[in-house]
Amino acid sequence: MKKAFLIAVFTILSVISYSQSYSRKLQLQTKRMNGKDVLELQQKLLNLGFSETGEADGWFGEKTEKALRNYQKLYGFEQNGIFDGKIFDCMYNSGKLNAHFDTAVKKINSIDESKLSTREIDYRGHSTEGGILSALFYKDKPVFYRANIYGETSQVECKLYEISEAEEIFIEEYTFYNGNFGIEGIKGVETTVFYVYNGVDYKITNGEFKKDHIENRELLIDMRSAYWH
């Protein structure tokens, strides 16, 4: 009986050890990669609310790559759709701040924009070309705020998610154009994610939280207060 119990414990520990050990780089290939590590990645993405992953079937396909890119965007990584050791370390980081952010990400991923109503305010004056400030509501409660500011050679979209009284997620996504007003196409996109927790601003880079002042603090305050006063 004792021997059987020890075998069972050893088996459980082996599974845990496997599930927390990085084994190989995963990415979309012509011959799709498959295995327990792919299945575990898919389950992790689904647990964080990246429903675009689709079914967790252990095969690395286009849906898994899309979900991974979206994960990389929110956690400050290069959006290349490749799962490597740095992504693994981020996913399994047990730090308190990481855990809070994981929960916040899951909450914003659960938002169904098709069920929200939009109210807009003319936001000209913050940029030469102006922009639009929007608040998206579920019934009478604001869910998140969005500002689109347009310039001659770039556009910035800012999103502010109020997770709770203690935490917010603020996302800046700059789109740079080759020519004025985007006539010659897109030059590149740059995304920055900030996590505000208990009044402290953190910039997220490669899964790490570093204290950093949000340059668009005035814009953030305006976005938050515009629909409350």
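Summary of values
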read-out	value
Positions within segment 80-109 being aromatic (Phe, Trp, Tyr) and either under 13 Å from the mean Cα position of the chain (by Cα) or under 18 Å from Ile171 (Cβ atoms) (or both), in sequence order	Phe101
Residue selected from segment 155-181 under the condition in a strand (DSSP E or B) and among the polar types (S, T, N, Q), by the criterion modelled with the lowest pLDDT	Gln155
In segment 82-94, the residues that are outside any helix (DSSP H, G or I) and either without any contact (Cβ under 8 Å) to a residue 24 or more places away in the chain or among the β-branched types (Val, Ile, Thr) (or both)	Ile82, Ser94
Test: residue in segment 118-125 that is open to solvent by less than 50 Å² (accessible area, probe 1.4 Å) and within 21 Å of the chain's Cα centre (by Cα)	no
Any chance Phe50 is open to solvent by less than 10 Å² (accessible area, probe 1.4 Å), more than 22 Å from Ile169 (Cβ to Cβ) and hydrophobic (A, V, I, L, M, F, W, C)	no
Residue within segment 113-133 that is closer than 30 Å to Gln27 by Cβ and not in a strand (DSSP E or B) present	yes
Lone unmet requirement of (1) more than 22 Å from Asp122 (Cα to Cα); (2) open to solvent by 50 Å² or more (accessible area, probe 1.4 Å) for Val200	(2)
Scope segment 143-154; condition at pLDDT 90 or above and open to solvent by less than 20 Å² (accessible area, probe 1.4 Å); matching residues	Phe144, Tyr145
Residues of segment 155-176 satisfying the condition of being open to solvent by 50 Å² or more (accessible area, probe 1.4 Å) and either over 25 Å from Ile108 (Cα atoms) or of a type in the set (Lys, Arg) (or both)	Phe176
Residues located in segment 39-74, provided they are of a type in the set (S, T, N, Q) and within 12 Å of the chain's Cα centre (by Cα)	Asn70, Gln72
Check on Ile163, β-branched (Val, Ile, Thr) and farther than 16 Å from Leu45 by Cα	yes
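To keep it simple, each residue is scored yes or no on (1) open to solvent by 80 Å² or more (accessible area, probe 1.4 Å); (2) in contact with a strand residue (DSSP E or B) (Cβ under 7 Å, 6 or more places away or on another chain).
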residue	(1), (2)
Ile186	yes, yes
Val196	no, yes
Gly207	no, no
Lys210	yes, yes
Arg217	no, no
Ile221	no, no
Tyr227	no, yes
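The values are calculated or read from the model by the stated rules, or taken from the named source; none is laboratory data. These figures come from a predicted structure and were not determined experimentally. Neighbour counts are summed over all protein chains in view; Cβ atoms, including those assigned to glycine, are modelled from backbone coordinates with ideal geometry. These area figures cover heavy atoms from the full protein model, side chains too; ligands, DNA and RNA do not enter into them. Shrake-Rupley method; radii C 1.70, N 1.55, O 1.52, S 1.80 Å.
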